[in-house]
Structures are given as C-alpha cells and as structure tokens.
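Colleague: This is the structure I want to talk about, given as structure tokens.
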Amino acid sequence: MSKDTYSSLTDVFVRESIEILGDDLVGIYLHGSAVMGCFNPEKSDIDLIVVVSDTITDDIKRRFMKMIVALNEKAPAKGIEMSIVKAGVCRTFVYPTPFELHFSSGTLGWYKSDPEGYIQNMKGEDKDLAAHFTIITRRGKTLCGKPIEEVFGEVDRVHYLDSIWCDIENAEADICDDPMYIVLNLTRVLAYCRDGLILSKKEGGEWGMENIHKKYRGLICSALEEYSSAKAGEYDSALAKEYAGYMLGEITPYLRAEERCATWR
C-alpha cells in the first residue's frame, strides 16, 4: 500500500466520520508513522484520534464501528488504530485519558464475537493517549476540523514518560516475542529521556546507532532493517535480553527524577 492509498483510506474515514458525527465532530488528527516519515505498509498501522464535543450515543457507536470495521479490511497489514475522545480532556489534559470508543485490529475479534458487549464496554481510560497526544502536538496532521493548537493542550513530561514507560516496562520478558518493536521503542524512549526528542521508531533506532553502546549496534541495525522491509529479522535472544536490561537501567533514573519533581511541585 502506497502513501496515496492510505491517504485515500483516510479521506474515506474523514468523509464517513463527518456524516456519522455531524456537528459533534471537533476534528480528526493523524499521528504515528504516517506523519513521521517512516510508514511501511507491512509494519505500520494508521493512527487516528477523533475529537468530539460531547458523549456519543450507543447508536452513533454502532454506526461508527460498522464503518471502521469495513474500512479496516482495506487498510495495511496492521490495520487502523483509532480512539474517540472528548474535547474537554484534550485542551486541559486529563491523565489517564478517558475515551469514548477505541478500535484496533487487536480488538476486532471481540467486536465480531460480541458487538453489543463491545459497544457497551469499549470505553474507559487509556494511558497510551498521553503519548498519542504528544505526537499530535509536535508532529501530527489535522485531517479535518479545528487546528491542533486549538484542540490539544500540553501533556506534562511526567505523564508522557509514564505513558511510554507502560509500553516498555516488561521489555526484558517480551523482547524475544517482538524484538524489532521493543528494540526500537527502547531507543526512542531513551532519546526522549536524554535529549527531549520525540522520535519515530525509525528515528529512535538511528539515534541509538549514534548514542547507545556499540555492543548493541548490530541489534539495533537488524531492527532498523526489519522495520524498513517486509522481511523478518534475525536476533540473538541472549543479547536482546541483555540489551533490554541495559536500556531499562539507563531509562529508570530519568523516571525516578521526574517522579521526585512531580512530588515537589
């Protein structure tokens, strides 16, 4: 799938969302690899945040889910990931962030097996939204509606760090199951901790090649090569686990420092 093809898909998503949500729609915002210059149809999903003015009804959710599930069949390999959130939790940021509805390929099985249960229960709070909102405010794209700066407020550093920490805290146990994702995620988290950089996984890996101990550069190089291709990479499991432990050891002091600062405020 080319960039033009996923752009066509997001165009349909925007048009259908406007029809379903009407005046309640504040805006639709693209984030993730599609706005960070590293979209790979074999490895990437399409990341969307939909902002609404108020709570949406179950009937609206039914219509929305029918639309997005059909559209997801035409999406790249990892599909669409989307959350609907209210404007009130975006401008004055709330953490963990409440959401009205969420969809990803990982939740598709639940929806297909129990659509009414999904409509009733797929709502709550999501720490990942702090990371998504941060990407939107720094590098996101408005697909329709109000400009980003009018909708999203600043996400506190301590909340962003907690959000991205949730994605890597089990890296030592999980890295052999998904080495490419975890290797690159660890590099971009450390890049933020050390240098305040908001990076894609690809950019994080490139930063890691210059800034992380040379012992691990081959591992990072393998992850970068896999991320940019359709092929699976080859990894030394023992080295990968060692790398995860090393990186968590580098990252943890920054988290503790932020927690102390938050306590003093």
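Colleague: Quick one: what pairs do we get from region 44-66, first residue within 20 Å of Gly109 (Cα to Cα), second crowded, with 16+ Cβ neighbours inside 10 Å and of a type in the set (Ser, Thr, Tyr), C-beta under 6 Å, 6+ apart or different chains?
Modeller: Ser44/Ser33; Ile46/Tyr6
Colleague: Condition check: surrounded by fewer than 21 Cβ atoms within 10 Å (Cβ to Cβ), touching a Phe, Trp or Tyr at 6+ places or on another chain (Cβ under 9 Å), closer than 20 Å to Cys38 by Cβ and not β-branched (Val, Ile, Thr). Does Asp195 satisfy that?
Modeller: For Asp195, the condition - surrounded by fewer than 21 Cβ atoms within 10 Å (Cβ to Cβ), touching a Phe, Trp or Tyr at 6+ places or on another chain (Cβ under 9 Å), closer than 20 Å to Cys38 by Cβ and not β-branched (Val, Ile, Thr) - is met.
Colleague: If you check Asp114, Asp174, which single one turns out to be over 14 Å from the mean Cα position of the chain (by Cα), surrounded by fewer than 19 Cβ atoms within 10 Å (Cβ to Cβ) and within 30 Å of Leu239 (Cβ to Cβ)?
Modeller: Asp174
Colleague: Moving on. Got at least one residue in region 53-69 being in contact with a Ser or Thr (Cβ under 9 Å, 6 or more places away or on another chain) and in a loop (DSSP other than H, G, I, E, B)?
Modeller: There is no residue in region 53-69 that is in contact with a Ser or Thr (Cβ under 9 Å, 6 or more places away or on another chain) and in a loop (DSSP other than H, G, I, E, B).
Colleague: I'd like to know if region 146-166 contains one or more residues that are surrounded by fewer than 16 Cβ atoms within 10 Å (Cβ to Cβ), in a strand (DSSP E or B), in contact with a strand residue (DSSP E or B) (Cβ under 7 Å, 6 or more places away or on another chain) and at pLDDT 95 or above.
Modeller: no
Colleague: Looking at region 194-208, is at least one residue of a type in the set (Val, Ile, Thr), farther than 20 Å from Ala77 by Cβ, under 20 Å from the mean Cα position of the chain (by Cα) and not in a helix (DSSP H, G or I)?
Modeller: yes
Colleague: Inspect all residues belonging to region 179-188 and state whether any of them is in contact with a Cys (Cβ under 6 Å, 6 or more places away or on another chain) and of a type in the set (S, T, N, Q).
Modeller: no
Colleague: Only one of these is more than 22 Å from Gly249 (Cβ to Cβ), loosely packed, with under 14 Cβ neighbours inside 10 Å and of a type in the set (D, E, K, R): Lys123, Lys141. Name it.
Modeller: The conditions single out Lys141.
Colleague: Could you look through region 220-247, keep only residues that are without any contact (Cβ under 8 Å) to a residue 40 or more places away in the chain and among the aliphatic types (A, V, I, L, M), and pick out the one that is nearest to Val189 (Cα to Cα)?
Modeller: Per the stated criteria, the residue is Ile220.
Colleague: Of the residues Arg91, Arg15, which is of a type outside the set (A, V, I, L, M, F, W, C) and either in contact (Cβ under 8 Å) with a residue 24 or more places away in the chain or in the same structural domain as Lys202 (by TED's automatic domain parsing) (or both)?
Modeller: Arg91
The values are calculated or read from the model by the stated rules, or taken from the named source; none is laboratory data. If you're wondering where the values come from, they're calculated on a predicted model, not measured in any experiment. Positions of Cβ are backbone-derived with ideal geometry, glycine not excepted, and every protein chain shown enters the neighbour counts.
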